Amino acid sequence: MNSVRKPAVAYELLFVIGIIAISFSSIFVRWSSADAAVTAMYRLYLTNALMLPVLWRYRQEWLRLTPKQWWLLGASGLMLALHFLLWMASLSYTTVASSTVILTLEPVFVMIASFLLFGTKANRMMLIGIGIAMVGSVIIGSGDFNLSGDALLGDVLSLLGAAAVAVHMMIGKQLRSDDGISAFVYNFTVFFMAASFLALYNVVRGNPFIGYSGQDWGAFLLLAIVPTLFGHYLFNWLLKYMHTTAVSMSVLGEPVIASVLAWALLNEALTAYQAAAGLLILFGVWLFIRHGKETHA
């Protein structure tokens, strides 16, 4: 097995940068009045536009991609599109705190997918941690249901968005680590395909492509620069150097930072249900990480 050269920058620092970056997602989404699918589409297309200056440098790598790799890139793009569509839509129904905390279940979905696809097994403490995290998710849902049925719908959308991004990361791990596709080619292709899937969805739904305010376009651009380039791009780059489950753990810090940002920028308060359930989910997933010594069947 070929050794993989580790990046010069410490993983911990890269994680901090990525976590802070993705924590701004919910804030920027709230600043846009456009439909969730339009916001996600322009977020990704603008990211592609920012990457264009160095596109020509990777032309030979695109020519070497196999039909199977193109299919996997398309599947990864579809899952990313579903993630953005479902998660951004959830913010129209539930709070930033509920939506982002539920996303911390992403490592759970990654672990399940790792078992189904690669036979990676979880030990008893990992399963206990998953159970605690699931209980926390149920508490968040029940707490929001007491307030509004729409909030429960938002929580479900966020949960489905977490499952979609878990599949996206599993595919990315194979393409980045096993197939050796560069971070630029993987990210540019997947972002473009995801944006195109969203564009098709917007056409079907009849969502307008023009006529948005300057604030909307500012939110689109901020989403492209901060959480996409400094968040998703960075995490996809790390997939070559780290286990998929470990990379997916980066979402653990998002609810805390996002909730603080929502309090500071959106005047959004935390309910007792959200605070308690959020801590329970974080504890459960931390337990999963702490005892995450994986074995293979």
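Hand me the list of helices (runs of 4 or more DSSP H) wholly inside the range 36-93 holding 1 or more residues that are among the small types (Gly, Ala, Ser).
In the range 36-93, the matching helices (runs of 4 or more DSSP H) lie at 36-51, 67-90.
Please verify whether ALA219 is buried (at least 18 other Cβ atoms within 10 Å of the Cβ), under 16 Å from the mean Cα position of the chain (by Cα) and modelled with pLDDT of 90 or more, treating the condition exactly as stated.
Answer is no for this residue.
Any residue at all in the range 246-267 that is at pLDDT below 70, surrounded by 19 or more Cβ atoms within 10 Å (Cβ to Cβ) and not in a helix (DSSP H, G or I)?
The answer is no; no qualifying residue exists.
Provide a single number: the residues in the range 41-52 that are surrounded by 23 or more Cβ atoms within 10 Å (Cβ to Cβ) and under 13 Å from ILE225 (Cα atoms).
Summing the residues that are surrounded by 23 or more Cβ atoms within 10 Å (Cβ to Cβ) and under 13 Å from ILE225 (Cα atoms) in the range 41-52 gives 4.
So which of ALA194, ALA183 is under 21 Å from the mean Cα position of the chain (by Cα) and at pLDDT 95 or above?
Going through ALA194, ALA183 in turn, the sole match is ALA194.
How many residues does the range 154-207 hold that are surrounded by fewer than 23 Cβ atoms within 10 Å (Cβ to Cβ) and assigned to a loop (DSSP other than H, G, I, E, B)?
Of the residues in that region, 5 qualify.
Among the residues of the range 58-73, count how many are exposed (fewer than 10 other Cβ atoms within 10 Å of the Cβ) and touching a residue at least 12 places away in the same chain (Cβ under 8 Å).
Here the count works out to 0.
Do we find that ASP150 is at pLDDT below 95, acidic (Asp, Glu) and crowded, with 20+ Cβ neighbours inside 10 Å in this structure?
No: the conditions fail for ASP150.
The values are calculated or read from the model by the stated rules, or taken from the named source; none is laboratory data. The structure displayed is predicted, hence computed values, not measured ones. Counting neighbours? That spans all protein chains shown, and the Cβs are built from the backbone with ideal geometry, glycine included.
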